[in-house]
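This report concerns only the one structure given below.
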Amino acid sequence: MALSPQQLVDTLSGLTLFADLSRPQLEQVAHKMSEESFPEGQRILRQGFTGSGFYVILDGEVAIRIDGNEVARLAKGDFFGEMSVLLGEPPVADVVALRQLHALHLGGPELEGFLSEHPTVMFRMLKTVAMRLRNASRWRS
Amino acid sequence: MAELEERPFPPGEYPVVVVGSGPGGLQTSYFLRRLGIEHAVLSADKSAGGMFRQFPFFQRLLSWTKPFGHLDRHDRRYEWYDWNSLLAVEPENRAIMAELMDGSSSFPSRPEMEQNLATYAQRTGLQVRYGCRWESTRREGNGFALGTSDGEYRCRVAVFAVGVAEPWKPDTPGFEDVAHYVDTREAASYAGKRLFIAGKQNSGFELATGLLPWAQRIVLASPRPAKLSVNTHSLLGVRARYVQPVEDEVLGGGVFILNASIDRVERTVDGFRVHCLRSEGGTELTVEADEVIAATGFTSPLLDLPELGVSVFGQSRLPSMTNFWESAQVPGIYFAGTIGQGVPGMKKYGLPSNSGAVHGGRYNARIMVDHLARTHFGHRPERVQLPLDGLVDYLLEEVTHAPELWNQKSYLARAVSLDEQAGPYDDGIVPLAHFVDEEGPPAVAITVETDDKGSIHPAVYVRERGRPAVETLLDPHPLHDFRTPDHRRRLADLLKGATAGAVR
């Protein structure tokens, strides 16, 4: 899935996480984050390993697995890796590509600055994390 | 002309066909020959060298070779000092770059690098069919048929080492009138000009540095701030050799480094008008320039491979690959050279591998050829048994000196199987992402890693039977010598479980 820069910006503009950004800001996001591709079965985040990053799925699907047990799936527009980066701790789960995955990646050390520069992205991320927390609480109760 | 008159590899059937005669193609051919795998090497060029036959434009590389390391140049460990020579088993064919440098810089000149590669091909007796352009690809039986300017080649396995070499410009209005980096003219022709460079990666800063003595004013622009390698602790970012324009900017010296996207470029009577949108705030900014150069990168010229099912991604149109640089969708199609950067590996703290450079790609090629030979030709490499009582010292020696681990930090690792009955076996240098994700017998892998603070330290991955690998980071050392009693004790502790207590 090779997108031209214009197509990439168009794709980003359609993702909830970046919905409030102007076109120049979206172009900056496209330049700041690197595109990566992972084959089916590849682990992208590894439970217990240091140095992980932040990912936004452009195409494909991943499974989140804790100790080998699948707890959730994520697809286009979803993001992962933020918890471990923000807490400065290794991920508590594996994230595995269920089919070919095309994602945007931001190195962990860059996430804080990125969110500070784009507070609307931070707000939308916070909302998503809050919803995930609420759903997890419901599931447990 | 001698090569053209005695051209090897006529069209026909070969077990493997390698396309490209840059560092990736030559290194692949060398290791295929070592394993006795018959193959043809095809190149559209007239001679060896790939991109180094032309670039970098200002004729000085970004990768070092330090001719006077403390080790003999023919020692494997010397490869740490020499990022530019290709690998060879025979001592006389190693470290060729160091022989050819004139001492004026630790960064070889472009002609020196070109000579290095040509000398390697000549001394190792590698053959290439030059002047043979790969034009098309199709599946045939269990393999592939490559159409070329000389006729058709059929093979079971094809290796494409064609570089990330196709100039690329965005489809922004007006860019069709703008020169690309590859079209840059002789420096003196920019004397007194107002120059606008689109792009703030190394190629943009290379041009800015080279044209500082000539241009009246230089503006560099791209949406995101420039990264500097000294800040990223990796080759990601502008290299120290090209930082002079940054200093000129902060001192108000006629260089402007803008965070802005380019909305359109307009021709004027005597030049260009570049319409920008500032990244911060989105305000418009118009810059008048006599010359505009797009330092906007390159793509990989994969021709019709996507039609065969090879998935490509990103601006550079890199193929999606496995950890052994095989197409993730089309088994039997491999990639070597700079294209290898499409395999991200662990990418800890966002730091990329050095697969896009010779000092990373040369090791990838060796591993890729071993994988190709095992997977498609049934080769079984001889395994080397290690003495159990020397295992800890061996691993610490490797992490202190192994050039593969230092040149491909967090990407390649030394792996050792810890068979409870037969004892440890050296599994060689492997992609770390493969090691930590595969299930298998007890094993250990060790590598060098850099963290977000720039600390360089050993990282150990121990896999016990039936369990995933566990990561442990060892302490750094001020002189990067990890053969200390503390490191020895710590590593021995880590190996106790995986060796059923045999390592103490």
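The values are calculated or read from the model by the stated rules, or taken from the named source; none is laboratory data. Since the structure is predicted, the reported quantities are computational estimates derived from the model, not experimental observations. Cβ: placed from backbone, ideal geometry, glycine included. Neighbour counts: every protein chain shown.
Here is how the numbers come out for the structure above:
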| item | result |
| --- | --- |
| Qualifying residue in segment B:14-29 (condition: of a type in the set (Val, Ile, Thr) and part of a helix (DSSP H, G or I)) | yes |
| Which listed residue is among the charged types (D, E, K, R) and touching a residue at least 60 places away in the same chain (Cβ under 8 Å), from B:ARG490, B:ARG465, B:ARG483 | B:ARG483 |
| Condition check for A:ARG23: of a type in the set (D, E, K, R), surrounded by 19 or more Cβ atoms within 10 Å (Cβ to Cβ) and either farther than 28 Å from B:ASP437 by Cβ or at pLDDT 90 or above (or both) | no |
| Segment B:371-382: number of residues that are modelled with pLDDT of 95 or more and surrounded by fewer than 19 Cβ atoms within 10 Å (Cβ to Cβ) | 5 |
| Output for segment B:194-225, where each listed residue is part of a loop (DSSP other than H, G, I, E, B) and more than 20 Å from B:GLY297 (Cα to Cα) | B:LEU212, B:PRO213, B:TRP214, B:ALA215, B:GLN216 |
| Selection from segment B:368-427 of residues that are touching a residue at least 12 places away in the same chain (Cβ under 8 Å), part of a loop (DSSP other than H, G, I, E, B) and not hydrophobic (A, V, I, L, M, F, W, C) | B:HIS379, B:PRO381, B:ARG383, B:PRO387, B:GLN408, B:LYS409, B:SER410, B:TYR411, B:GLU420 |
| Scope segment B:320-351; condition facing chain A (nearest Cβ under 9 Å), in contact with a helix residue (DSSP H, G or I) (Cβ under 6 Å, 6 or more places away or on another chain) and at negative phi; matching residues | B:MET321, B:ASN323, B:MET346 |
| Residue check for B:VAL178: within 24 Å of the chain's Cα centre (by Cα) and surrounded by 21 or more Cβ atoms within 10 Å (Cβ to Cβ) | no |
| Wholly enclosed helices (runs of 4 or more DSSP H) of segment A:1-113 bearing at least 2 residues within 9 Å of chain B (Cβ to nearest Cβ) | A:5-13, A:23-32 |
| Residue tally, condition out of contact with any Ser or Thr (no Cβ under 6 Å at 6 or more places or on another chain), surrounded by fewer than 21 Cβ atoms within 10 Å (Cβ to Cβ) and among the charged types (D, E, K, R), over segment B:402-459 | 9 |
| Extreme residue, nearest to B:GLU186 (Cα to Cα), among residues of segment B:259-294 that are within 14 Å of chain A (Cβ to nearest Cβ) and buried (at least 22 other Cβ atoms within 10 Å of the Cβ) | B:ALA294 |
| Breaking point among (1) farther than 28 Å from B:PRO223 by Cβ; (2) crowded, with 19+ Cβ neighbours inside 10 Å; (3) among the small types (Gly, Ala, Ser), for A:GLY53 | (1) |
| Residues satisfying the stated conditions in segment B:302-359, i.e. at pLDDT below 95 and acidic (Asp, Glu) | none |
| Qualifying residue in segment B:226-233 (condition: within 13 Å of chain A (Cβ to nearest Cβ), part of a helix (DSSP H, G or I) and at negative phi) | yes |
| Residue within segment B:184-191 that is in contact (Cβ under 8 Å) with a residue 40 or more places away in the chain, surrounded by 14 or more Cβ atoms within 10 Å (Cβ to Cβ) and touching a strand residue (DSSP E or B) at 6+ places or on another chain (Cβ under 7 Å) present | yes |
| Enumeration of residues in segment B:308-326 that are outside any loop (DSSP other than H, G, I, E, B) and of a type in the set (D, E, K, R) | B:GLU326 |
| Single condition B:SER149 does not satisfy, out of (1) of a type in the set (Ser, Thr, Tyr); (2) under 30 Å from B:GLY20 (Cα atoms); (3) buried (at least 17 other Cβ atoms within 10 Å of the Cβ) | (3) |
| Residue within segment B:430-439 that is more than 11 Å from every other protein chain (Cβ to nearest Cβ), in contact with a Gly (Cβ under 7 Å, 6 or more places away or on another chain) and in a strand (DSSP E or B) present | yes |
| Leading residue by the ranking (nearest to B:PRO468 (Cα to Cα)) among those in segment A:85-121 that are surrounded by fewer than 16 Cβ atoms within 10 Å (Cβ to Cβ) and among the hydrophobic types (A, V, I, L, M, F, W, C) | A:VAL92 |
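To keep it simple, each residue is scored yes or no on (1) touching a helix residue (DSSP H, G or I) at 6+ places or on another chain (Cβ under 8 Å); (2) under 14 Å from B:VAL358 (Cβ atoms); (3) at pLDDT 95 or above.
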position	(1), (2), (3)
B:PRO10	no, no, yes
B:ILE37	yes, no, yes
B:LEU42	no, no, yes
B:SER63	yes, yes, no
B:HIS74	yes, no, no
B:GLU92	yes, no, no
B:ALA95	yes, yes, yes
B:SER105	no, no, no
